[in-house]
Each structure stands twice: as C-alpha cells, then as structure tokens.
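Here's the structure, in structure tokens; my notes come after.
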Amino acid sequence: MLKGSCLCGDVTFTVTGKPYDPAACHCSQCRKMSGHVWAAAIVTEDGIEISGPVRWYASSDEARRGFCPRCGSSLFWQVRGSGQMDFALGAVDGDTGMHLGRHIYVE
C-alpha cells in the first residue's frame, strides 16, 4: 500500500489497488504543469482513496488534472470515464518500489 500527499499535507491519498505502468510523460502540458517531466503510475479508480480538497482542472476535452488548492501540488491526472486514475510518483511518501517502464511524448 502506498501513501502520499501534497506539499502542505491538506490532500492525502492511499493507493489500495495495484499500481501499474509507471511512466514519465514529456508532453507540453505535463512539462508546463510540473516544470519538468511528470512521473506517474495508474491505478483503478476504486483502488485509490483521496482525502482533502482536490481542485480539478479540465486540461483538455478528455482529461482533467487534480491539484491541491492551497499549495498547488499536482497530484492526479484522469481521462474522464476511464475508470482509472494516474497519481504522481513524486507525491508518494518514501520509496515507491517502482521503476519507470517507459517515457512517453519524447518527440
């Protein structure tokens, strides 16, 4: 089980499901959102428990990004209706035990 939080601690999450496909995204949205590449893993929507005031931003017609409204930490990315949630590996407390499997949007 993985636990994580935003910088200020207002938003916390617990990954209760099995995360998969850890990847680093190099797309322009992720670079602008994070200031660099964004590393995330995927879990089913029912495999993550989120507590606290997440603010959602519609970053495209298909997807949204979740962040802490107090400190601005970017925590989640979700394709609407997918039943999945990406969570930021950098927000996990301690070692994730995961290894990046791929880099996407590198060209």
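Could you check, for the range 55-63, whether at least one of its residues is among the hydrophobic types (A, V, I, L, M, F, W, C) and under 13 Å from residue 85 (Cβ atoms)?
Yes, the range 55-63 contains a residue that is among the hydrophobic types (A, V, I, L, M, F, W, C) and under 13 Å from residue 85 (Cβ atoms).
Scanning for something in contact (Cβ under 8 Å) with a residue 40 or more places away in the chain and in a helix (DSSP H, G or I), does the range 38-52 turn up at least one residue?
Yes, the range 38-52 contains at least one residue that is in contact (Cβ under 8 Å) with a residue 40 or more places away in the chain and in a helix (DSSP H, G or I).
Just the residues that are in a loop (DSSP other than H, G, I, E, B) and touching a strand residue (DSSP E or B) at 6+ places or on another chain (Cβ under 9 Å), please, taken from the range 61-81.
Result: 62, 68, 69, 73, 80.
Throughout, read-outs are computed from the coordinates displayed, never taken from laboratory work. Owing to the predicted nature of the structure, the values given are computational and were not obtained by experimental measurement. With ideal geometry, Cβ positions are generated from the backbone for all residues, glycine too; neighbour counts draw on all protein chains shown.
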